Amino acid sequence: MVELKSYYSGEQAMENLVTVEHLTYKYQQNDERPALSDVSLNIEKGSWTAIVGRNGSGKSTLARCIDGLLDFKQGVIKVGGIELTNDSVWQVRDQIGMIFQNPDNQFVGATVEDDVAFGMENKNIDTETMHKTVNQVLEQVRMTEFKTHQPDQLSGGQKQRVAIAGVLAVAPDLIILDESTSMLDPEGRVEILSLIKELHQQKGLTVISITHDVNEATLADHVIVLNNSVIAGEGTPESVFTNHKLMNLTGLEPPFTERLKWSLEAKGLNHFDHQLMSEKGMVDNLWQLRSKK
Ligand SMILES: Nc1ncnc2c1ncn2[C@@H]1O[C@H](COP(=O)(O)OP(=O)(O)OP(=O)(O)O)[C@@H](O)[C@H]1O
């Protein structure tokens, strides 16, 4: 594993919401290589962790194992201190809200409000509390005006907002976004990411986002890179995406500003900030260099 400055290196001990220890998973016993091989990681309470990696690196398998959707034989997963077993799977799943890739596959209700209420109906929550909660969460995702609409009348971004409202209605401790923005247009993507950011910052929701999009991963506090079923590196977005060795090893494409910085450095311009820069930071840096000429 590529050594990186760790997010966990601070002096203050943080509480872990999820711990994964030595998880190995094969879809078929006779598979030559496992989909996950000896994976260990911690997800701190209140953190946003992005899991990145190329196609087939094991990201979705990891999410499905944590949510108890795959029956693993090797390794230990604990969520909120509860070890995931056949007996505890519902207790574990109660703590987790999953948002998947295709917004169309997630609707079960005929209207937005029915859909949001669905998760609560399985929990014997009284009708009054249910109505109140539906209104609250639709307000949070700014979809109140669409309460009585049918899901097929909504845009992709709006559908994902409703899916998030459904998850919020059952108040999970952890939300897992499995490529949840990948089928959205750029506007829908921005809409969902800013909503997640707001929920993470204002409500302290713990977030795991599985993504191909490195720009999305730069929003996280911590990035875990999966490569060929193992963790190839982890750390802050800065330490991960400015690490040439790790990027080359895993074939991940760093954010645009980092790629631009590398190509300018290759041409002898070595005056850039070592930090991962925002597009604005890069523009400011280029202007400064130009004015020094
Ligand atoms: N249902 C399945 N049955 C058998 N093998 C599977 C199944 N789902 C995934 N795999 C295999 O497990 C490995 C990891 O797949 P996984 O979907 O976890 O990767 P991923 O990183 O999420 O990929 P992607 O970004 O393409 O979704 C791959 O080799 C894949 O072919």
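The table below lists the values:
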read-out: Pick from region 43-58, criterion more than 13 Å from the ligand (Cβ to nearest atom) and charged (D, E, K, R), ranking: most open to solvent (accessible area, probe 1.4 Å); value: LYS45
read-out: Residue within region 190-200 that is within 13 Å of the ligand (Cβ to nearest atom), free of Cβ contacts under 8 Å to residues at least 40 places away in the same chain and open to solvent by 20 Å² or more (accessible area, probe 1.4 Å) present; value: no
read-out: Hits in region 102-112 (condition: of a type outside the set (Gly, Ala, Ser) and surrounded by fewer than 21 Cβ atoms within 10 Å (Cβ to Cβ)); value: ASN102, ASP104, ASN105, GLN106, PHE107, VAL108, THR111
read-out: Filter result for ASP221 (closer than 25 Å to ILE96 by Cα, open to solvent by less than 50 Å² (accessible area, probe 1.4 Å) and without any contact (Cβ under 8 Å) to a residue 60 or more places away in the chain); value: no
read-out: Test for THR61: is it open to solvent by less than 30 Å² (accessible area, probe 1.4 Å), at pLDDT 95 or above and within 10 Å of the ligand (Cβ to nearest atom); value: yes
read-out: Residues of region 69-101 satisfying the condition of being within 16 Å of the ligand (Cβ to nearest atom), under 24 Å from VAL162 (Cβ atoms) and open to solvent by less than 40 Å² (accessible area, probe 1.4 Å); value: MET98, ILE99
read-out: Region 16-42 residues that are near the ligand (Cβ under 8 Å from one of its atoms), paired with ones that are outside any strand (DSSP E or B) and hydroxyl-bearing (Ser, Thr, Tyr) (beta carbon under 7 Å, 6 or more apart); value: ARG33/SER229; ALA35/TYR27; ALA35/THR61; ALA35/SER229; LEU36/THR61; LEU36/SER229
read-out: Boolean, GLU128 is in contact (Cβ under 8 Å) with a residue 12 or more places away in the chain and charged (D, E, K, R); value: no
read-out: Where a residue in region 65-77 is more than 12 Å from SER40 (Cα to Cα) and its partner, wherever it lies, is basic (Lys, Arg) and not in a loop (DSSP other than H, G, I, E, B), with Cβ under 9 Å and at least six apart; value: ASP67/ARG93; GLY68/ARG93; LEU69/ARG93; LEU70/ARG64
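The values are calculated or read from the model by the stated rules, or taken from the named source; none is laboratory data. Since this is a predicted model, take the numbers as computed values, not measurements. Cβ coordinates were reconstructed from backbone atoms using ideal geometry, including for glycine residues, and neighbour counts include every protein chain displayed. Accessible surface areas use protein heavy atoms only, side chains included; no ligands, DNA or RNA. Shrake-Rupley method; radii C 1.70, N 1.55, O 1.52, S 1.80 Å.
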